[in-house]
Each structure stands twice: as C-alpha cells, then as structure tokens.
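Written out below as structure tokens is the structure these notes cover.
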Amino acid sequence: MRAKLGKGIWEWRGILIAAPGAAGLVILLRLAGLLQLLEWAALDQFFRLRPPDPAEARIVIVAIDEPDITKAGQWPIPDAVLAKLLEKLKQQQPRAIGLDVYRDLPVQPGHQKLVKIFQSTPNIIGIEKVVGDAYGAAVSPQPELLRRNQVSAADLVLDADGKVRRGLLSVKAKNGKTVLGLGAQLALMYLEGKGIKPALTEDKSVKLGKAVFVRFRGDDGGYVRADDGGYQLLLNFRGRRGSFRTVSMTDVLENRIPPDLLRDRIVLIGSTAPSLNDLFLTPHSSSLFSIPTRMAGVEIHANIASQILSAALDNRPLFNVWDEPAEWLWIFVWSCAGATLGWVSKATLRTAYIFLLVCGSMIGVSYFLFLNGWWVPVVPPLLALAGSATAIVAYIAQQDREDRQTVMNLFGRHVTPKIAEQIWRDRDQFLQQGQIVGQKMTATVLFTDLKGFSTIAENTDPATLMSWLNEYMNEMAVAVLDCDGVIDKFIGDAIMAVFGVPIPRMTKEEIAADAIAAVSCAVAMGKKLRALNDQWRVQGRPTLAMRVGIATGTVVAGTLGCTQRVDYTIIGDTVNIAARLESYDKSLDGGVCRILISEETCQYLQGKFPTKFIGSVQLKGREHPENVYLVPLD
C-alpha cells in the first residue's frame, strides 16, 4: 500500500507541487491588493455583457439639462423655478420626490415660496453631503427640510479607479446621527406605502420584503481592505446611462408630460448637464472601442432606489459573494485544472485550444453565477489556471531535458541515432525519477577478444599500439551499431555488445531478430577484420584473429556505479555464458573470426546461418554442460 501510494505521488508530483504553488501565489497577490483593479475590470465587463434589465416603471427622473439651465438663465436654478417645478409634480401625486439639488443657501427670487412648498409637501426629500472627501467638502442640507427631518445623504462611494460600484443605504454624520442615502430613503417611502417596513435579521442585516440586504465588507468580492464605512451595498445597475424614464424640467413646467406619468411613482430631480460635472464613471462607462460615458448622479441614486424596490418586491437578485475560504478553494480548483491539463497533455496546438476552452469554461461559469447574483473571482483563478499550466509545461520541459541528458549520457556514444530515438520515445518504460531502473529482459549478448594480442602488445611501442587498436575498435563499433546493437563496454582489446536493450522485447519474433542481428554483427566483424588484415599486411603491421561468443537468455539491465560515475550495463548468467563461449578452447580454430553461439541463440536463428555442432561442453564456472555451435565466417 505504501509503495503504491509513493508511486501515485511520484506519478502526479507535478500537479501536487504546481497546483497549490500557483494557487498560493495568486492568493498572496490577491491579498496584497495587486489584482483588485483587474477584478473590477472583469466585473465591469460582465455588466456590459449582461442584457439590459426591463425598464423600471416605478421611477421617473426629471432632468435639469443644458437647455433647462439656459432657459432659467442661471445656475443654481432660482428658488422660484424650483417651487413651480415642485408644485407641478405634486399635482400628479407621486409617492416620493427626491430633490438631488443642494439648497443650503437661498437662490432668489422665490425663496419663501420654495420654503412653503417644503412645508406643505411631506414626501419631498432633500440632500446633504455628509462626508467631505477628495471630491468635495461636506454640504449642509436645506434648513427647512432639515427641521422637518426630510433630508438624506447624496454621498456616493468611488473606488480607486474613480468608478461607482457601491451604494450607501446609510452613513453616519459627525454628530453620530445615521443619515439614509437618497435612493434608500425614497425606496423606503415607496415600500411603506405597500406596508413593507425594514427589519433587522440576527446578523444585523436589513430585511425588506422578499430580500435581505447584507452589509458590504471591505474584502467582499474583488475588493481588498476597502473602506466599508456606513451601510454599503454592491450596486446591481439596471443598465447603461438612460435606463430610466427621463423628462426634462422644461417639459414638466410647460405641461408636456402625460397627466398620470408620475402618479404613485418615485420622482428624482437632478442635473444631467455636462457643464455641472455631476457625472460619474460606472461599470457601464468603459468600452474597448468608445470614449467612456459618465452617468449622472441622479441616475445612480435612481439605480440604488430601483435595486431596493426590485429586490424587495420582485425578488431581483442582489449581489452575493463567497467568504474567503470558498474563494480560495475556487482558485485552487482551477489551479488544479490547469496543472492537470499541463501534466497529461503535450505542448501542442491542440493542447492550446483545450487550454483556451478551459479558460473560457471558467469565465463562462463565473458569468453564469454573475447573472444569478454572485460575484466570484475571475482574474485569480484565471491566473492560477494559466500559471499552474505554464509551470507544469516548464517543469516537464526541464524534466525532458534532464531525462534526455541522462539517456544520452548513458547511450549516446554506444547506439545509433535510430536506437537513441527509440530509447527516448519509450523512456517511460525504464526511466524513473530521472534514473534508469533495473529491468529483467531477454537479450542476446556478444563478447569479442583478439587472439594473441598480449604478445603483439609486448613487441609494439605504445603510440603505435593504441593507434592500431583504435583502428580495429572503430571498425568493430561500426559493425555493432550497423546491426542496431548497444556497445556495453570496451575491455582492453575486448568488446561487449548487447542486442535487445534497453527496450524490452515482448515477443519471440523480436527476440529472434536480436539473435539474428548479433550473429550478423559477428559475421560483419569477421569480414571487417579480414579487410583490416589485408591493409595492415601491406603496411607491414601485425595481422589479427578474433574470437566471438554469443548467448541469448535472461539478463538484468540497469545502471551501475557511484555518484560520480554510472554506466548502463547488463548482468546475469547469459553474460557469463557469452564470455565463456568467447574464451572456450582457444585452440579451436575458426579462421580470422571464430564465432561460438549457445543453443538458445542457435534455435532463434531459424536456419538463417550455417552452424556446426561442436558438442555438449562444460564451460568454466558452469554446473551443467552447454550445447555449443560454431558459425563459419564463410
């Protein structure tokens, strides 16, 4: 069990390292706030992709635009004009009127008339700016409306990139008093007419009708340590600028609107004129191919009121977020997906398409959740997915380089390119943890030695001897490689070669092919030595004869050595038999190349070479006699 577990861990080691590593790094980047802007951008894109919601019939905006200001002749609009506007609005009996225009100071003429309108209209809500910030100082409310407790906060919450993504349900003033936001106050007045009043849940959230409004926290969604003062809410905008029924101030004053347009509705009065700069960026503002469009503050308050009404009455989703452990798990899951994809797939164009498909799936799932009221991380899992996949691909590439280096170090000088390529292609059969593992297999072993070499060596100077011997070795090595053999080692004037390693042979036909290749190699060696002798004889050099022993059987192949040096080699009884056949009865003549083979090798030759039975002989170190055959060179 422990061995299986260890094997499983090793087989999936890349995923076990890359997935948590990439996820952990991305989570750290997220906690540091480095992904916040990207998360906001992804949220904004989802808003722009989402189909627009149906028009909100319960809210109408009375816009003060540039033509209205021109007709009024000044800004701020005179109190007399505002008074007349409010009088016109009252005639249609709206449920609530929100005056998103600062009136902390009188604007003559008509101030007293405006005050009387305030005194006689309990459903008018004025504004104040409660919190001074970088975008403006605090602004006091209209005194009469303040006295009548008909004032709300016009404050908007801007993110670091200048966009409005959160709305204020309430905010605390410096005196400790809680002031409702304009949109929230108007929505509560509307709901009160339907018998719906706010209630607190056990976790201090606000329940209204069908909805529970959970307070925004500084680390919700893609935010990191955001200012969560007051009772904030993630805004679920209905759509782009112009999503609400809008009429101009002049249209109202000149009776150019339907007589029941405003009945039982929320009416918001505010500026939309670009010259007044009461315009803000929202998630719908940006686009790749257009100039960002800004939304008027009065329309943002309308969105807040609409969000409260539609959630309480229509069960329209509010935005929910996961807690941090769930978000971390989400990131980790996609990190695992990327690591798995990188681990099981090769770096091909098809893999790239699959990777893009997985990324698209992650974004698609996130978008589906967004449509259903959930804001889940998009950029962090995308980075984790790509990061883990990239890390795995890089790791595999590095492992391949190391494995190739290991294989080439062991085999590169002793096999043909064809065999080397086969070894590399099937490396998983014998490479484990970057090392060659021992394997039992059936192979054919070939030993060669020179006859009378010691006597020649004694009578030849070292330089000439080495040149002469290397010439011989080069020709013999070529013969081995031409027959797809593996040169195991050079031992003085002897050569050990193997046929059938390191890729195990699984069928009798493959084993027979190796035996035939070994004998073919021996015959080729004899012919090459004969040619060398003819050349050496002309040069006045000594001539040679050689002995070859060949045996087929079970061997154990693997690496032997120390940490400083290892070699690939084979061991086993078959190796001993081949060595003994080579050295058997040196008086037995075989011409320039005597080739002795074991009975197993002879059986695999299938009559492709002539053989002569030597006899059942007792080889040195063997308990039982072996049938030995001679393969004539000619």
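The values are calculated or read from the model by the stated rules, or taken from the named source; none is laboratory data. Predicted, not measured: the structure shown is a model, and the values here were computed from it. Positions of Cβ are generated from backbone atoms using ideal geometry, with glycine treated the same way; all protein chains shown enter the neighbour counts. Side chains included, ligands, DNA and RNA excluded: accessible areas come from the protein's heavy atoms. Shrake-Rupley method; radii C 1.70, N 1.55, O 1.52, S 1.80 Å.
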Solution diffusion estimate, µm²/s, Stokes-Einstein, the range 481-634, Kirkwood Rh from C-alpha pairs, 37 °C, viscosity 0.692 mPa s: 199 µm²/s
Relative contact order of the chain, pairs being alpha-carbon contacts under 8 Å that are 6 or more residues apart, as %: 13 percent
Per residue value of the accessible surface for the chain (all protein chains in place, 1.4 Å probe), Å²: 48 Å²
Equivalent-ellipsoid semi-axes of the range 434-520, from the Cα gyration tensor, Å, largest first: 31, 14, 11
Using alpha-carbon coordinates, inclination of helix 79-91 to the longest axis of the chain, degrees: 80 degrees
Cβ-based net charge around LYS508, under 14 Å, with every Lys or Arg adding one and every Asp or Glu removing one: -3
The range 200-334, relative contact order in percent, only Cα pairs under 8 angstrom and at least six apart counted: 28 percent
HIS301 - accessible surface, heavy atoms, 1.4 Å probe, Å² rounded to 10: 10 Å²
Estimated dipole of the chain in Debye, rounded to 20 [Cβ of Lys and Arg +1, of Asp and Glu -1, Cα centre]: 1880 debye
On Cα atoms only, tilt of 324-344 relative to the major axis of the chain in degrees: 30 degrees
Percent antiparallel among DSSP beta bridges (both partners in the chain, rounded to 5): 65 percent
Size of the chain as Cα extents on the principal axes (Å, biggest first): 138, 51, 43
Zone of HIS624's modelled label, taken as backbone nitrogen in the range 581-596 under 19 Å from a point 7 Å along Cα→Cβ: 581
Exposure of SER587 as accessible area (Å², to 10), given a probe of 1.4 Å and all protein chains: 100 Å²
Shape category assigned to the range 35-189 from the gyration tensor of Cα positions, a/c cut at 1.5: prolate
Accessible-area order (highest first, 1.4 angstrom probe) of the listed residues VAL592, VAL556, VAL498: VAL556, VAL592, VAL498
Accessible surface of the range 565-626 [probe 1.4 Å, protein heavy atoms]: carbon and sulfur percent: 47 percent
Per DSSP, loop trypsin sites (Lys or Arg not before Pro) in the range 543-582 with at most 11 further Cβ within 10 Å: ARG565
Residue (of LEU356, LEU38, LEU182) at the positive-pole extreme of the chain, dipole from beta-carbon charges: LEU182
Computed accessible area, LYS608, all protein chains, 1.4 angstrom probe, square angstrom: 130 Å²
Residue-averaged 222 nm ellipticity for the chain, from DSSP H runs of 4+ at -39500 (n - 2.57), nearest 500: -14000 deg cm²/dmol
Overall Cα dimensions of the range 282-378, principal axis frame, Å, largest first: 55, 35, 21
The range 233-330 shape via C-alpha gyration tensor axes, a/c threshold 1.5: oblate
Cysteines without a disulfide-compatible partner [the chain; Cβ-Cβ under 4.7 Å]: CYS336, CYS359, CYS562, CYS593, CYS602
Cβ-Cβ FRET estimate between VAL224 and GLU192, R0 fixed at 35 Å, reported to 0.05: 0.40
Among 515-524, 477-486, the order from most to least packed when residues are scored by Cβ within 10 Å on average: 515-524, 477-486
With at most 13 neighbouring Cβ atoms within 10 Å, loop chymotrypsin sites (Phe, Trp or Tyr not before Pro) (DSSP) excluded, longest segment of the chain: 290-634
Global geometry of the range 111-217, whether rounded, prolate or oblate, following the gyration tensor of its Cα atoms and the 1.5 cut on a/c: oblate
Carbon and sulfur %, accessible surface of the range 231-284 computed with the full protein complex present, 1.4 Å: 46 percent
Accessible area of the range 33-101 belonging to carbon and sulfur atoms, whole % at 1.4 Å probe: 61 percent
Magnitude of the charge dipole, the range 425-564, Cβ model with Lys/Arg +1 and Asp/Glu -1, debye to 20: 180 debye
Accessible surface ranking that places the most exposed of MET473, MET466 first, with a 1.4 angstrom probe: MET466, MET473
Which of ALA545, ILE491, PRO504, positive extreme of dipole for the range 484-545 (C-beta unit charges): ALA545
Heavy-atom SASA rank of GLU623, GLU324, GLU128 (probe 1.4 Å, accessible area, largest first): GLU623, GLU324, GLU128
MET506-VAL365 FRET efficiency (beta carbon distance; Förster radius 51 Å; 0.05 resolution): 0.65
Between 0 and 90°, nearest 10: helix 573-583 axis offset from the chain longest Cα axis: 40 degrees
